[in-house]
Amino acid sequence: MTSMIPYTSLDRALRSWPFDSMDDFFAPLAKVTGDYGFKMDVEDAGDAYVVSAELPGVTKDQVDVELNEGRLSISVDKKESDEKKSRTYLQKETSEWQASRGVYLKDAAREGLSAKLEGGVLTVNVPKQQRQSNVTKVTIE
């Protein structure tokens, strides 16, 4: 029994030292923006993609949705109004923030896109286009 060494908190700290330090360094950023800025789900609904993004407290004027060669981008720029900036707060947990997320949808159609922001959830419907083969068979003479 005398050869047993107690497993102390110092031992635990030394075993995970370099990585815990990095996590502590980036923790304030994660608290402000969340892990990815905002949560987003992408569903394959057969003939369309349905993208849902959780954007509580954001108005449609603060959101930009764009489809560029198959990449759907959702950008948010949440700013406070001048009226709210002039108030004196005893505690304030809301803030201005910016975030952008994107997803590549290889067969997304440019026609028939729709987006709706309701109850803090942005829903974007992206129709699929019929896959066309970009391969041309060349005969050898």
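Please go through the stretch 113-126 and give me each residue that is farther than 11 Å from residue 67 by Cβ and not β-branched (Val, Ile, Thr), ordered by number. It would help to see each step written out before you state the result.
First, pick out the residues of the stretch 113-126 that are farther than 11 Å from residue 67 by Cβ: 114, 116-123, 125.
Across the stretch 113-126, the qualifying residues are 114, 116, 117, 118, 119, 120, 122, 125.
Within the stretch 90-112, take every residue that is among the aliphatic types (A, V, I, L, M) and closer than 16 Å to residue 69 by Cα and give me the one that is nearest to the chain's Cα centre (by Cα). If you could, list the steps in order and put the result at the bottom.
If we filter the stretch 90-112 for residues that are among the aliphatic types (A, V, I, L, M), which is where we start, we get 90, 99, 103, 105, 108-109.
Those still in the list that are closer than 16 Å to residue 69 by Cα too: 103, 105, 108-109.
Numbers: 103: 9, 105: 15, 108: 19, 109: 22 Å.
Per the stated criteria, the residue is 103.
Could you list, in sequence order, all residues of the stretch 94-116 that are among the hydroxyl-bearing types (Ser, Thr, Tyr) and either modelled with pLDDT under 90 or within 11 Å of residue 78 (Cα to Cα) (or both)? Full working, then the answer.
Initially, the stretch 94-116 is screened for residues among the hydroxyl-bearing types (Ser, Thr, Tyr), giving 94-95, 100, 104, 114.
Scanning the stretch 94-116 gives 94, 95.
Please report, ordered by residue number, the strands (runs of 3 or more DSSP E) entirely within the stretch 53-141 with at least 2 residues that are free of Cβ contacts under 8 Å to residues at least 12 places away in the same chain. Lay out the reasoning, then the answer.
Working: elements: 63-68, 71-78, 97-104, 114-118, 121-127.
Qualifying strands (runs of 3 or more DSSP E): 63-68, 114-118.
For the stretch 57-75, enumerate the residues that are surrounded by 12 or more Cβ atoms within 10 Å (Cβ to Cβ) and within 13 Å of residue 109 (Cβ to Cβ).
Residues satisfying the conditions are 67, 70, 72.
The values are calculated or read from the model by the stated rules, or taken from the named source; none is laboratory data. Owing to the predicted nature of the structure, the values given are computational and were not obtained by experimental measurement. Glycine also receives a Cβ, built like all others from the backbone with ideal geometry; neighbour counts cover every protein chain displayed.
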